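Asker: Quick one: this structure, given as C-alpha cells, is what I'll be asking you about.
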Ligand code: DC
C-alpha cells in the first residue's frame, strides 16, 4: 500500500503531538515530535551554560548533541533521548517552556534539527508535528494539517498535562507562556509558524481526541488510496 507523509503544524498546546501519535499508531507509521528536538537542544544549552547569542558557542555545542527517539509501541510512547539519556521528563518543564522559542529561532539550531528531521523522509510512512513541517521540512507532504483551538481550551489542556506529570503551575503562568511562544514562533525571521498554502485547517476546540482522530484518519486514507 502507498505510504505518505503527514504533517501537523499549529500553535502551542493544540494537541498536535497527541493527534500525530494516535494517527501514526493507527496507520503503523513513524511518529516524530519535532518540538521535542528543540526542547532537548534548549535543555542542553541551559545545563551547559551555553550563551546562545554567541554563534560560535552554539555551533560547537551542537556538535556535542546527539538526538534520537525511543519508541514503545505497546505503551504508545515516544521518548526523547539526548546523548544517550532519556530527557523526556525535563524537556516538558516550565524552565524549557520559557526558553525554547528563543532557542528555536536560532538559524544554526534549525539547520541542525531540520537536517535530522528530513532524513526521516527517505522512507515514507511518517507523521511529524511542529511549526514548519508542512512549509519547510516536508513541503512535498501529501497531507498537511494546520491545527488550531480556542486559547482558553489550550490553557486548560496544558494545565492538565502538567498536572498529570506532577508539575503544579497556575493557569495565568501557562496563559502567558503560550501567548509568548505563539508570538515568538509566528514572528521569528527563519521558518515562522505559517499555514502552508495546501494545508487543511482543523479547529479542534469542540472535538474529542477520538472524533478528531477519526476525521483525520479519513483524510489520510483518502490520500493513501488516491
Ligand atoms: O511543539 P512544542 O510545544 O513541543 O514545541 C516547542 C517549541 O519548539 C515551540 O515553542 C516552537 C519550537 N518548534 C519550532 O520552532 N519548530 C518546530 N518544528 C517544532 C517546534
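The values are calculated or read from the model by the stated rules, or taken from the named source; none is laboratory data. Fair warning: this is a prediction, and the values are worked out from it, not measured in the lab. Here the Cβ positions follow ideal geometry from the backbone for every residue, glycine too, while neighbour counts run over all protein chains shown.
Asker: Identify, from the list 150, 98, the residue that is more than 16 Å from the ligand (Cβ to nearest atom), surrounded by fewer than 19 Cβ atoms within 10 Å (Cβ to Cβ) and within 26 Å of residue 183 (Cβ to Cβ).
Answerer: Matching residue, one of 150, 98: 150.
Asker: Could I ask something else about it? Report, by residue number, each residue of the range 121-134 that is surrounded by 22 or more Cβ atoms within 10 Å (Cβ to Cβ) and more than 7 Å from the ligand (Cβ to nearest atom).
Answerer: Answer for the range 121-134, where residues must be surrounded by 22 or more Cβ atoms within 10 Å (Cβ to Cβ) and more than 7 Å from the ligand (Cβ to nearest atom): 126, 127, 128, 134.
Asker: Looking at (1) more than 29 Å from residue 187 (Cβ to Cβ); (2) buried (at least 21 other Cβ atoms within 10 Å of the Cβ), which is the one condition that is false for residue 38?
Answerer: Going through the list (1) more than 29 Å from residue 187 (Cβ to Cβ); (2) buried (at least 21 other Cβ atoms within 10 Å of the Cβ), residue 38 breaks only (1).
Asker: Next question. Which of (1) touching a helix residue (DSSP H, G or I) at 6+ places or on another chain (Cβ under 7 Å); (2) at pLDDT below 95 is the odd one out, the single condition residue 80 does not satisfy?
Answerer: (2)
Asker: Taking the condition of being exposed (fewer than 15 other Cβ atoms within 10 Å of the Cβ) and under 16 Å from the mean Cα position of the chain (by Cα), how many residues in the range 184-206 meet it?
Answerer: Residues in the range 184-206 being exposed (fewer than 15 other Cβ atoms within 10 Å of the Cβ) and under 16 Å from the mean Cα position of the chain (by Cα): 1 in total.
Asker: At pLDDT below 95 and buried (at least 17 other Cβ atoms within 10 Å of the Cβ): does that describe residue 178?
Answerer: In short, yes.
Asker: While we're here: Report, by residue number, each residue of the range 204-226 that is touching a residue at least 12 places away in the same chain (Cβ under 8 Å) and assigned to a loop (DSSP other than H, G, I, E, B).
Answerer: 204, 205
Asker: Taking residue 49 and the conditions (1) buried (at least 23 other Cβ atoms within 10 Å of the Cβ); (2) at positive phi, which numbered condition does it fall short on, given that it satisfies the others?
Answerer: Here residue 49 clears every test but (1).
Asker: In addition: Among the numbered criteria (1) under 16 Å from the mean Cα position of the chain (by Cα); (2) part of a helix (DSSP H, G or I), which single criterion is violated by residue 144?
Answerer: (2)
Asker: While we're looking at this one, here's another question. For residue 106, work out the one condition from (1) within 12 Å of the ligand (Cβ to nearest atom); (2) more than 15 Å from the chain's Cα centre (by Cα); (3) under 22 Å from residue 71 (Cα atoms) it doesn't fulfil.
Answerer: Among (1) within 12 Å of the ligand (Cβ to nearest atom); (2) more than 15 Å from the chain's Cα centre (by Cα); (3) under 22 Å from residue 71 (Cα atoms), residue 106 violates only (3).
Asker: So, one more: Out of all the residues in the range 13-28, which are assigned to a loop (DSSP other than H, G, I, E, B) and either free of Cβ contacts under 8 Å to residues at least 24 places away in the same chain or surrounded by fewer than 21 Cβ atoms within 10 Å (Cβ to Cβ) (or both)?
Answerer: Matches in the range 13-28: 28 only.
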